[in-house]
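A quick write-up on the structure given underneath.
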Amino acid sequence: MSEVAKLDRHDIVGIVTIDSPPVNALSAAVRGGILDNVKAAIADPEIKVIVLTCGGRTFIAGADITEFGKPPKPPALNDVLSTIENSPKPVIAAIHGTALGGGLEVALACHYRVATKDAKLGLPEVKLGLLPGAGGTQRLPRAVGPELAVKMIVGGDPIGAAEAHKAGLIEEIVEGPASGAEAFARKVVAENRPLRKLRDDDSKLAAAKADRSIFTNAVAAITKKSRGLEAPFAAADAVGYAIDLPFDEGLKREREGFLKLLTSDQSKAQRYAFFAEREAAKIAGVPEGTKGRKVDRVAIIGAGTMGGGIAMSFANAGIPVTLIETAEEQLKRGMGVMQKNWEATAARGGIPADAPAKRMALIDGKVGLEHVKDADLVIEAVFETMAVKKEVFGKLDQYAKPGAVLASNTSYLNIDAIAAETSRPQDVLGMHFFSPANVMKLCEIVRAEKTAPDALVTAVSIARKIAKVPAVVGVCDGFVGNRMLAQRGKQAEKLLFEGALPQQVDAVVTKFGMPMGPFAMGDLAGLDIGWRSRKDRGIKSEIADALCEAGRFGQKTGKGYYKYEAGSRAPLPDPDVEKLIDETLAKLGLKRRAVSDEEILERMMYPMINEGAKILAEGIAARPSDIDVVWLYGYGWPIYRGGPMYWADSVGLKHIAERLAFYAKETNDPSLEPAPLLKKLADEGKTFASLAQGKAA
Ligand code: 3HC
Ligand code: NAI
């Protein structure tokens, strides 16, 4: 029998155990192992009931994604499932960890399901640009009704065991998966319970069959956030087949939909992103087996916009925080913002009603840097001024316990210079969170010249622990994300001088799939910050300066590049801005020309890719996929386009290099000359992916 699955018999109970680390994914070997062992259990006359369970940390976490795109190997998953479903002996799925995708589909083909209380059950295929391809869209609506099924299949988020129990997806919540399932199995035999086949049970579909709006309303609510994505809509169609068609016909149509998505560009990009995210957690150049340091308590310096959000992220993960400010007043204000934030989430039903109080209890507010003394990790989020940062790190060196990791949340400043203020530069690094820090998933982990490998590992693993996506970057102005963004910002501004309007530029960028264009983003962040910094440095930017001189600082003053109605964040094009641009250009003796959307897109995206090539050549990012991760999770790059470097490969580097050279000449801008690495790859007909090693390639 197969090595990844085995059959044990406890008198009348046959126990099929799958053991294929790390996540028991349904590789050909696992599918074969399940099939062989279930057949053997059916054939064994002593066995009256079969339990299907998994070893290791989780129940089956889905199809083996690494097999996608390769020639299919038998047995097909649907064949394994029909053997289970048609077994003359009851089959019971014993779920722990996560039953996801094909894993939950295996469980749905079983006659009964039990799960441990911390188990999660879901069909996350849409997150990979797919839909469930082994009966999930047909059996889940029959198990829980179309409304919850739509939420799980079209939204892709898993549910917990308690909700699954309430919805009828599992029969019981058990202590140990195998032992609990065995006890349940004996009950099934003793009570002579029927073989419950979901395929034959249409009772939960009756309401939606009579009134289809139950289903269409559920779909409309979930797909509101699916702009640009194909999979959620195809997945919704597939759930519709469960309502409209006989089971076998629905299953066939589901399979067709799955196979179509499997070869789509979107799904390829989304699968790439899945592996890119996991690859990013593997730090290039750190000796294998390097262990992180223990982190039981974190201190955060500064309870402002970022410090507060960072503190919330730690408390959300149950990690105690000492939050440090310069005075009681600031501390009170910061704590108040966090409390309000959590209460608003609780009011929306996003977290339990008692969660705000519990999370606030994890945060110990203090005045004075000496209170960092118990922390294993210190994250500084004070004002973005080198002198202030240096002073804070000098004091941290005095007060922090030996071996504590000392991190700065700086957006641009040089971590080497900050580390040099301490006698322990090996413990210093950057942890650059993104705003709002309790929401945005990216954390750029900045490796400074002297950062010790185990300090780096500590930062990466704690970031994952608080549900962030870490990407390791090197020291430079703006690190990976903001450094690339600066190139886009520069071109956006130049386009205004050439004849484009803010709303035209932003529309091209949002149509591409970004959540916001550069000008709406500027209004959100506040235009006065850049204005002041330009004044300090004696730099001019006539349009932006004129806006600020007219008191247009962005959303906070109700007008910037756009105007805003009271209480609204929706940017409205403003004729006054067009007038101001015209006047400024007239003063400078410049004429507006018609700028095409195609030019805007190229000038927004290609300079960023060019900068990405420089970042790679300098070793600021180790892999193109790390740059993609930064943009996917820090800036809302559309996941179905994989990330800027992945997208660049799909456009073709030769084309991009040629267009950059063209714009460099046309707009007299040497910064647009193709970077040496880009030019080299373009000349050789290669891609950025060809530089990478490992799965993300
Ligand atoms: N196939 C292949 N490899 C997988 C995998 C899968 N379905 N799921 C996880 N892995 C790998 C990861 O790449 C990683 O490999 P690495 O160590 O070499 O980097 C390793 O397993 C561990 O994964 P994580 O680092 O993500 O571990 P976590 O403990 O943080 O998370 C998890 C575990 C929740 C299971 C998470 O891995 C996950 O969400 N996996 C994907 C689940 C999924 O999307 N399933 C649906 C697949 S599509 C499908 O089933 C189609 C079907 O309908 C026919
Ligand atoms: P903020 O002005 O909202 O908060 C800074 C807080 O630090 C203030 O409450 C201040 O009282 C406190 N502080 C100043 N000196 C201190 C000291 N010596 N000890 C304790 N507390 C002190 O600033 P914000 O926006 O939170 O930024 C903080 C850092 O995060 C900056 O380095 C910034 O560049 C970076 N950052 C900001 C992002 C943003 O979007 N706001 C995004 C990512 C990083």
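The values are calculated or read from the model by the stated rules, or taken from the named source; none is laboratory data. Only a predicted model underlies this, so the values are computations on that prediction, with no experimental measurement involved. Please note: Cβ atoms are built from the backbone with ideal geometry, for glycine as well, and neighbour counts cover all protein chains shown. Remember, those area values only see protein heavy atoms, side chains included, never the ligands or the DNA or RNA. Shrake-Rupley method; radii C 1.70, N 1.55, O 1.52, S 1.80 Å.
Annotation: extensible slack from LYS209 through ASP477 equals 90.6 nm (criterion: 0.36 nm per residue apart, minus Cα-Cα distance).
Of the chain, which part is the longest with no trypsin sites (Lys or Arg not before Pro) in a loop (DSSP not H, G, I, E, B) and with at most 14 other C-beta atoms within 10 angstrom? Answer - 349-539.
When only Cα pairs below 8 angstrom with a gap of at least 6 residues are kept, the chain shows a relative contact order of 9 percent. Taking amide H positions as modeled 1.01 Å from N, with prolines and chain starts lacking one, the residues under 5 Å from THR322 and 5 or more places away or on another chain are VAL298, ALA299, ILE300, ASP364.
The convex hull drawn around the Cα atoms of the chain, when projected onto a plane and averaged over every direction, covers 33.1 nm². Modelled label positions at ALA594 and LYS332, each set 7 Å beyond Cα in the direction of Cβ, lie 6.1 nm from each other. Put the Cα centre of the range 107-152 next to the Cα centre of the range 561-578 and the gap is 44 Å. Between 0 and 90 degrees, the angle of helix 247-262 with respect to the longest Cα principal axis of the chain falls at about 30 degrees.
Projecting the Cα atoms of ALA566, ILE529, VAL577 onto the charge dipole of the range 514-587 (Cβ charges, centred on the Cα centre) puts ILE529 farthest toward the positive pole. Apolar share of the accessible surface for the chain: 54 percent from carbon plus sulfur atoms, 1.4 Å probe.
Scoring 93-99, 521-527, 570-576 by mean Cβ neighbours within 10 Å over their residues and listing the highest first yields 93-99, 521-527, 570-576.
Taking label positions 7 Å along the Cα-Cβ direction at both SER671 and THR263, the computed distance is 4.4 nm, reported to one decimal. The residues of the range 298-476 expose, per residue, 40 Å² of accessible area to a 1.4 Å probe. From its DSSP helices (H runs of at least four residues, each -39,500 (n - 2.57)), the chain gives a residue-normalised ellipticity at 222 nm of -15000 deg cm²/dmol. Taking the longest Cα principal axis of the chain as reference, the axis of helix 481-498 is set at about 60 degrees.
Here the chain is treated with +1 on each Lys and Arg Cβ and -1 on each Asp and Glu Cβ, and its dipole about the Cα centre works out to around 260 debye.
Full extension of the chain between ALA566 and ALA43 gives 181.0 nm of extra length, using 0.36 nm per residue less the Cα-Cα distance. Accessible surface ranking for ASP669, ASP211, ASP397, 1.4 angstrom probe, highest first: ASP211, ASP397, ASP669.
Please compare each pair in LYS151/LYS209; LYS450/LYS679; LYS70/LYS225; LYS120/LYS197 to a cut-off of 24 Å on the Cα-Cα distance and tell me which ones are over it. Result: LYS450/LYS679; LYS70/LYS225 exceed 24 Å. Amide H contacts for ILE15 (H built 1.01 Å from N in the peptide plane; partners 5 or more residues away or on another chain; cut-off under 5 Å): ASP8, ARG9, HIS10, VAL51.
Taking +1 at the Cβ of each Lys and Arg and -1 at the Cβ of each Asp and Glu, which of VAL189, THR53, MET152 sits farthest along the dipole of the range 5-262 towards its positive end, judged by Cα position relative to the Cα centre? It is MET152, whose Cα lies furthest towards the positive end. Normalising the average separation of contacting C-alpha pairs (under 8 angstrom, six or more residues apart) by the number of residues puts the relative contact order of the range 597-692 at 31 percent. Only protein heavy atoms count here; under a 1.4 Å probe, THR66 has an accessible surface of about 60 Å². The residue among ASN438, PRO453, VAL367 whose Cα reaches farthest toward the positive pole of the charge dipole of the range 298-476, with charges on the beta-carbon of Lys, Arg, Asp and Glu, is ASN438. With R₀ fixed at 41 Å, the C-beta to C-beta distance from ASN78 to ALA525 puts the FRET efficiency at about 0.20. Measuring nothing but how far apart in sequence close Cα pairs (under 8 Å, 6+ apart) lie, relative to its length, the range 514-587 scores a relative contact order of 28 percent.
Of the chymotrypsin sites (Phe, Trp or Tyr not before Pro) found in the range 346-432, those in coil by DSSP whose Cβ has at most 12 other Cβ atoms within 10 Å are PHE383. Please give the helix 146-155 orientation as an angle from the longest Cα principal axis of the chain, in degrees from 0 to 90, rounded to the nearest 10. Taking Cα atoms only, the helix is inclined about 50 degrees. The charge dipole of the range 597-692, taken about its Cα centre with unit charges on the Cβ of Lys, Arg, Asp and Glu (plus for the first two, minus for the last two), comes to roughly 260 debye. Heavy-atom accessible surface of ASP201, to the nearest 10 Å², is about 40 Å², with a 1.4 Å probe and all protein chains retained. Across the cross-link table entries LYS494/LYS665; LYS73/LYS282; LYS282/LYS465; LYS540/LYS587; LYS166/LYS204, which are compared at the Cα atoms, the separations over 22 Å belong to LYS73/LYS282. Using a simple spin-label model with pseudo-atoms 7 Å out from Cα toward Cβ, ASN192 and PHE383 lie 8.2 nm apart.
Taken one residue at a time, the phi angles of the range 658-669 give Karplus couplings (6.51, -1.76, 1.60, θ = phi - 60°) of 5, 5, 4, 4, 4, 5, 4, 6, 4, 9, 6, 10 Hz. Gly and Pro are set to x. Taking θ as phi - 60° and the Karplus parameters 6.51, -1.76 and 1.60, the scalar couplings of the range 173-190 work out to 9, 10, 6, x, x, 6, 5, x, 5, 5, 4, 4, 4, 5, 5, 4, 6, 4 Hz in sequence order, x denoting glycine and proline. On a C-alpha basis, how far is the centre of the range 313-370 from the centre of the range 444-485 in Å? Whole number, if you could? First find each Cα centre; the distance between them is then 25 Å. When you filter the GluC sites (Glu not before Pro) in the range 232-319 for DSSP loop state and at most 13 other Cβ atoms inside 10 Å of their Cβ, you are left with GLU288. Among the GluC sites (Glu not before Pro) in the range 56-135, none is located in a DSSP loop while being surrounded by at most 13 other Cβ atoms within 10 Å of its own Cβ.
What you get for the range 488-618, charging only the Cβ of Lys and Arg (+1) and of Asp and Glu (-1), is a dipole of about 300 debye around the Cα centre.
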